[in-house]
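Everything on this sheet refers to the single structure shown next.
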Amino acid sequence: MSTTAAAPAPGAATHADHGAGHGHHEMSFLRKWVFSTDHKVIGLQYLFACIFTLLLGGLLALMVRWQIAYPAGAKPSAEQVQEWKSQGLSGAKLDEAIANFDGDKPFPILGELLWGEELSKADVNAGMVGEPGLFGNSNGMMPAEWYNVAFTMHASVMIFLVIIPMLTGAFGNWVIPLQIGAKDMAFPFLNGLSFWTWLSAALILCLSFFIDPAGISAGAGWTSYPPLSGVVTPTAGPGQTLWCIGVILGGTSSIMGSLNYITTIVNLRAPGMSLFRMPLTTWSAFITSILQLFATPVLSSAMAMLLFDRHMGTSFFLPEGLNFSGVDIPNAGGGQVILWQHIFWFYSHPAVYIMILPAMGIVSDIIAVWSRKPIFGYRPMVYSMSAIAGLGFVVWGHHMFQAGMNPVLGTTFMISTIMIALPSAVKVFNWLGTLWGGQITFSPPLLFALGFVSMFVIGGLSGIYMANAPFDIFIHDTYFIVAHIHYVLFTGSVMGIFAGIYHWYPKMFGRHMSDGLGKLHFWLTFVFMNGVFFPMHIIGLGGYPRRYASFRGYDFLAPYEGMNVFMTICAMALGLCQIVFLFNFFWSLLAGKKVTSDNPWHANSLEWSTTTPPPHGNWIGPVPTAYHGPYEYSHPNCKEDYAPQWMPMQRVYADAAAPATAAPGASGAVGAPPPAPAH
Amino acid sequence: MQVRPDGFDVTWKWWLPPAHSSFGDDVDLLFYWIFWITMLTFVGVEGLMLYFCFKYRRNPARKTIYTKGSHSLEVAWTVIPAVILVALGVASAKTWATTKDPANPSFPQEFQTTVKIIAEQFAWKVTYPGNDKEFGTDDDFTETNILNVPFEPTNADGEVITEENVRVLLSSKDVIHSLFIPVLRVKQDAVPGFLGNVWFDCQRATYAGPDGKHLTADSKYSEDGRTLVDWEESYEIACAELCGLGHSQMRMQLKAVPRADWEAWVKVKSDAAKARAAGG
C-alpha cells in the first residue's frame, strides 16, 4: 500500500474533481442537512442522535441502580424495631407497625408515572388501589420483570446506539476523510443509508418499550441467551422480537459503514498520505472497521436464527425436552444452547474492541497534541492495535468458562485472553512515553484523555482476574464483571468520546466550548464515575451476582446494601453532572467564542488545514499533500513546536524563509494548492 | 452481620468469602498472585502518570524532549509482561483441570456421593439416589432447594482424613441457570439438553443446632435478625445466570454434615419414597 501512496490514487483524483464540482450547486435544506451524503453532516447526525440515546441509556442505568439499592419489600431495621419496642409497642401493635412500615422508595418522578401512584403501606394493606401508571400498577415500584428490561435495554442502547455509533459513526465519519485528505467517503450514498438504517434500528429498539402494555421490551440480557430468549413467553414477547430486528438493522448499518471506511482509507488518501503517515485516530478506525466487517455478519446471522427459533418453528438453539413451567415447547429438539454463545461471543468479544479501539486512537492523537510530543512508538501503537484486533477473534470462549464448554478449550482461551493484555499494556506504556518530557496543557480534551488512560489501566488489569479461568469460577457473572466492563466502556470509551468532542468541537462548529465548564465536567464525572464503578469490584469479590432484581432473599448479600445505596447516589450525581456538558455543548453552538484560527490547537493532522467549519468537499480547491507524519511536535529544527503534515519540513524549519505559513491563523495559505513535494 | 451463637460472623464483607472446598484455597491463591501483580502495576503506572503530569506541565522555559520512541523499551515492556502473564496462565492450568476437567488425572477419580440437580424457573430440584445409591429406582427422592451432603473431615494440618467428594450431575429443564456456591468456589451453568459434571468437597461442616442435630429445621434468626438461634447453619447457593424474572429468588441451602447424620437423613427420606412408590 505504502508504495502507491506517494502518488495520488486514481480514485482520489476523480473524487476530488467530483467534490469540487459539488461545491457549485445549491442544495435544498432537506438534501443538505437531513438526507445528506456529506460525511461531516452524517457524522454530526450520529453525534446529535447519540447524545439523545446516551441520555436514554443513562436514564435506564439510573433506574437499574435505583432498583438494586431500593428493591421492593424493605423491612424495618433492627434498630427501628428496637425503637418501637422502647416506645412500648408489643404483640399485635408491633406486628401492625412492622406490616405498615413504609420502606419502599419508588424511582423519583418516573416511578409513579410508570408504575402507578405510591400509596402508604397501611393503605395498601387496607385494600386501596392507587392510580395506575403507564406500565400498570405496582405502587410505584419497578417489577422484577421490568428490571430485567431495564438492564437489558441499558446495555443494548449503550452498546448499539451510543458507543459504537458515536465512535465509528460520529467520529469515524467526521474525522477519517479530513485526516486522510479525502473530499468525502468512497460511497457517500451508502454512508447516508448507513445512518438511516441505524436510526431505524434505534427507533425499533425504543419502540419495543411500548408494544407490551406492561412495557416489557427485551429482558433476556443484552447477551439474550436462549432458551430464555428463544421461546416466546410473556417476559420474552414482542419486545424481544423487535430487539432482534433492531440489532440486525444496527449490524447492517455497521457493515455498510465499515465497508465504506475501509474503501475510503485504502483508496482515497491524499498525495503523500502513506498508511504510516495516517494519524492513529484513522488507524484505529481502519482496524475497527475490519473487525466490524468480519464480526458483525456473524451477529446478524445469530439474530436471524434466534428469530427463526422464536417464530418459524426451527430449533437451532433449543434442545429436546424443553419444558417451561410444565408446558412442553413443541419445536424444541436437536438444538444446542451453547451454540448461541459461541456465535454471539464470536461477534461480541470483537465488539468490545470495536468499542475501545477508536477511543484509543482519539486519545493517542489528543495526548500528542496537548503534550506537544510525537507519539512514543507510533508503529508499535499501530501493531498493538492490530494485535488486539487479531487476538480479539480468538478469545471469545472466556465468556463461556462456566458454560459447560470442553475444559481443554477453557485452557486455550485462558492463554489467548491473557495474551491480549499485552498489546493493551504496550499502548499504555507508549502513552506514558508520549507524556514524558512533553509540554502538557491540561485542557478538557487532555483531561478526558488522561482520564481514559488512567481508568483503562484499571479496566485492563481487572481483566486479568477474569481471564484466569480458575478464579473466574468465582467472579463470573458477579459485579466484578460489571465493574470491569464499565471501567473499559464508561471510564474508558466514554472518556474517549468526551475527549474527542472537546478536541474537535472548534473544527466541527467554528466555536469553542467553555474551558472552565469542560474542566468542571471532567472533575465531577471523574469523581462520581469512580464512586459508581469502583465499589462494584468489592461487592463482586463478595460474590454479589449481577442481574439480581433484589438482594433481599440472601443473607450474604445483605451486608452490601449500604454500598449499593452509595453507588446509586453516585450514579444519580454522575447523571446530573452531565447537565454541565449538555449546557456547554448546546450553549456553545450558539454563543461559544468564535474560532480565530483554523488550527487553534496548533495540531498537525490534515483536518486542521482546511477552513472552519470545513466546506462541502472539505477543501476549497484540491486536497492537501501530506509531506510527513502527523506527530512532528517540538522538532528541534523547527521554530514552532509543530510541523503540519501539509507543510514540507523544510518550510517550517527555523531557518526557513517562510515561517509565517506555519503560524496559527495562517488560514489564507491553507486553501492554496500545496507546494510540490520537495523530493 | 449475621452472627452464630458462638460469636462467629457468618457473613463477609469487603473481601472474598471464606473458602471451604479443597480447591478453594488454590483458587484464592491465584487471586492473591494476580492481586499483588496488578496492584504493583497499578501503583507504578498511575504513579508515573501523575509524576509526568506534574513534572512536564507546560513550561516554555523547559526544552521539550523530542523522541519518537525506543526500540529497547518497546521490547522490554512487551517481553516482561508476557513472561509474567504466561507464567500466570501456566500456574493456573492445574487448578482449572482439578476443578473442571474429568479427563485430567488431578480431577477426582472417585465420588463418595452423587446427586442430580435439575434447575427450573425458579427452583433447584435435587434428586438423591437413596439407599441403593442408584438413580432411577424407587427409593430415589427429590428435594427442592435443599442440598445436603457429607462434609470432608480434615486433621489439624488440613490433610483429608476421609475423602468425601460430591459429584453433581447438573442440568436444566427450561432455560440456563448457574449453580453458584460462593464458599466452595463452585460455579457451573445448568444447561438444558446437556448433563454437566460438577464436583466439590466441603471441608467445614455446617454448624449444628443446640440439640446437636444437623438436619432438622431451617436456620432461624433472633428477633433482631442478627443472631442465629436454634438453628443449623447453611451455606447459600445462588443462581448466577439470568433465568427470568425470579432469577434473584433461586436460593438453595447447602448443609455439610457428618456422614453418619447424612446417611440417617437419607435413609428416612429414601424409605419414605420407597413406601410411597409401593403404596402408589
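The values are calculated or read from the model by the stated rules, or taken from the named source; none is laboratory data. Quick caveat, the model's predicted, so the values are computed rather than measured. Cβ coordinates were reconstructed from backbone atoms using ideal geometry, including for glycine residues, and neighbour counts include every protein chain displayed.
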Return yes or no: is B:Thr95 of a type in the set (S, T, N, Q), in contact (Cβ under 8 Å) with a residue 40 or more places away in the chain, facing chain A (nearest Cβ under 9 Å) and in a helix (DSSP H, G or I)? yes
Residue that is surrounded by the fewest Cβ atoms within 10 Å (Cβ to Cβ) [pool: residues in segment A:300-330 that are among the polar types (S, T, N, Q) and assigned to a loop (DSSP other than H, G, I, E, B)]: A:Ser325
When (1) modelled with pLDDT under 90; (2) assigned by TED's automatic domain parsing to the domain that holds A:Gly510; (3) among the polar types (S, T, N, Q) are applied to A:Asn637, the one that fails is (2)
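Identify, from the list B:Glu232, B:Glu223, the residue that is charged (D, E, K, R), at pLDDT below 85 and surrounded by fewer than 16 Cβ atoms within 10 Å (Cβ to Cβ).
Just one listed residue meets the conditions, B:Glu223.
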Within segment A:78-101, identify whether any single residue is in contact (Cβ under 8 Å) with a residue 24 or more places away in the chain, in contact with a helix residue (DSSP H, G or I) (Cβ under 9 Å, 6 or more places away or on another chain) and buried (at least 16 other Cβ atoms within 10 Å of the Cβ), and answer yes or no. yes
Within segment B:110-130, is there a residue that is more than 10 Å from chain A (Cβ to nearest Cβ), small (Gly, Ala, Ser) and free of Cβ contacts under 8 Å to residues at least 24 places away in the same chain? no
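Would you tally the residues in segment A:538-559 being within 7 Å of another protein chain (Cβ to nearest Cβ) and not hydroxyl-bearing (Ser, Thr, Tyr)? Before the answer, list the steps.
To start, the set of residues in segment A:538-559 that are within 7 Å of another protein chain (Cβ to nearest Cβ) comprises A:538, A:541-543, A:545, A:547-550, A:553-556, A:558-559.
Narrowing further to those that are not hydroxyl-bearing (Ser, Thr, Tyr): A:538, A:541-543, A:545, A:547, A:549, A:553, A:555-556, A:558-559.
The qualifying residues number 12.
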I'd like to verify a number: residues in segment A:261-277 that are surrounded by 24 or more Cβ atoms within 10 Å (Cβ to Cβ) and under 16 Å from A:Thr168 (Cβ atoms), how many? 3
Filter segment B:72-97 down to residues that are more than 22 Å from B:Arg185 (Cβ to Cβ) and either within 22 Å of the chain's Cα centre (by Cα) or of a type in the set (Ser, Thr, Tyr) (or both), then give me how many there are. 2
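In segment A:179-194, which residues are part of a helix (DSSP H, G or I) and buried (at least 24 other Cβ atoms within 10 Å of the Cβ)? If you could, list the steps in order and put the result at the bottom.
Our first condition is that a residue be part of a helix (DSSP H, G or I); within segment A:179-194, this holds for A:179-180, A:188-194.
A:Gln179, A:Ile180, A:Asn191, A:Ser194, listed by residue number.
Each row is one residue, and each column tells you yes or no for (1) closer than 30 Å to A:Asn604 by Cα; (2) in contact with a strand residue (DSSP E or B) (Cβ under 9 Å, 6 or more places away or on another chain).
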position: A:Thr233; (1), (2): no, yes
position: A:Leu242; (1), (2): no, yes
position: A:Ser253; (1), (2): no, no
position: A:Val266; (1), (2): yes, no
position: A:Ser274; (1), (2): yes, no
What number of residues in segment B:184-205 are buried (at least 24 other Cβ atoms within 10 Å of the Cβ) and not aromatic (Phe, Trp, Tyr)? 11
Breaking point among (1) in a helix (DSSP H, G or I); (2) under 26 Å from A:Arg372 (Cα atoms); (3) modelled with pLDDT under 95, for A:Gly562: (2)
Among the candidates A:Ser424, A:Ser384, A:Ser462, which residue alone is within 30 Å of B:Ile181 (Cβ to Cβ), assigned to a helix (DSSP H, G or I) and more than 7 Å from chain B (Cβ to nearest Cβ)? A:Ser462
Residue among B:Thr67, B:Thr78 that is facing another protein chain (nearest Cβ under 9 Å), free of Cβ contacts under 8 Å to residues at least 24 places away in the same chain and in a loop (DSSP other than H, G, I, E, B): B:Thr67
Restricting to segment B:172-201, name every residue that is under 14 Å from the mean Cα position of the chain (by Cα) and part of a strand (DSSP E or B). B:Ser178, B:Leu179, B:Phe180, B:Ile181, B:Val186, B:Lys187, B:Gln188, B:Asp189, B:Val198, B:Trp199, B:Phe200
Which residues, counting only those in segment B:116-172, are among the hydroxyl-bearing types (Ser, Thr, Tyr) and in contact with a strand residue (DSSP E or B) (Cβ under 6 Å, 6 or more places away or on another chain)? B:Thr127, B:Tyr128, B:Thr142, B:Thr144, B:Thr154, B:Ser171, B:Ser172
Is there any pair with a first residue in segment A:465-476 that is at the interface with chain B (Cβ under 7 Å from one of its Cβ atoms) and a second that is part of a helix (DSSP H, G or I) and small (Gly, Ala, Ser) whose Cβ atoms are under 7 Å apart and which are 6 or more apart or on different chains, and what are they? A:Asn468/B:Ser92; A:Ala469/A:Gly410; A:Ala469/B:Ser92; A:Pro470/B:Ser92
It is to be established whether one or more residues within segment A:205-214 are touching a helix residue (DSSP H, G or I) at 6+ places or on another chain (Cβ under 7 Å), more than 14 Å from chain B (Cβ to nearest Cβ) and surrounded by 24 or more Cβ atoms within 10 Å (Cβ to Cβ). yes
Looking at segment A:506-520 only, could you name the residues that are touching a helix residue (DSSP H, G or I) at 6+ places or on another chain (Cβ under 8 Å) and over 17 Å from A:Gly43 (Cα atoms)? A:Arg511, A:His512, A:Met513, A:Ser514, A:Asp515, A:Leu517, A:Gly518, A:Lys519, A:Leu520
Hits in segment A:356-408 (condition: farther than 30 Å from A:Asn604 by Cα and more than 21 Å from the chain's Cα centre (by Cα)): A:Val394, A:Gly397, A:His398, A:Met400, A:Phe401, A:Gln402, A:Ala403, A:Gly404, A:Met405, A:Asn406, A:Pro407, A:Val408
Tally time: how many residues in segment A:397-406 are modelled with pLDDT under 90 and facing chain B (nearest Cβ under 7 Å)? 1
What is the number of the single condition among (1) surrounded by 21 or more Cβ atoms within 10 Å (Cβ to Cβ); (2) assigned to a helix (DSSP H, G or I) that A:Glu112 does not meet? (1)
May I ask you to say which residue of A:Ala359, A:Ala403, A:Ala449, A:Ala389 is in contact with a Pro (Cβ under 9 Å, 6 or more places away or on another chain), in the same structural domain as A:Leu275 (by TED's automatic domain parsing) and of a type in the set (A, V, I, L, M)? A:Ala389
Are any residues in segment A:390-419 aliphatic (A, V, I, L, M), surrounded by fewer than 23 Cβ atoms within 10 Å (Cβ to Cβ) and part of a helix (DSSP H, G or I), and if so, which ones? A:Leu391, A:Val394, A:Met400, A:Val408, A:Leu409, A:Ile415, A:Met419
Considering only residues that are in a helix (DSSP H, G or I) and more than 9 Å from every other protein chain (Cβ to nearest Cβ), which ones fall in segment A:435-458? A:Pro444, A:Pro445, A:Leu446, A:Leu447, A:Phe448, A:Ala449, A:Gly451, A:Phe452, A:Met455, A:Phe456
Segment A:540-595: number of residues that are within 25 Å of the chain's Cα centre (by Cα), of a type in the set (Gly, Ala, Ser) and surrounded by fewer than 18 Cβ atoms within 10 Å (Cβ to Cβ): 2
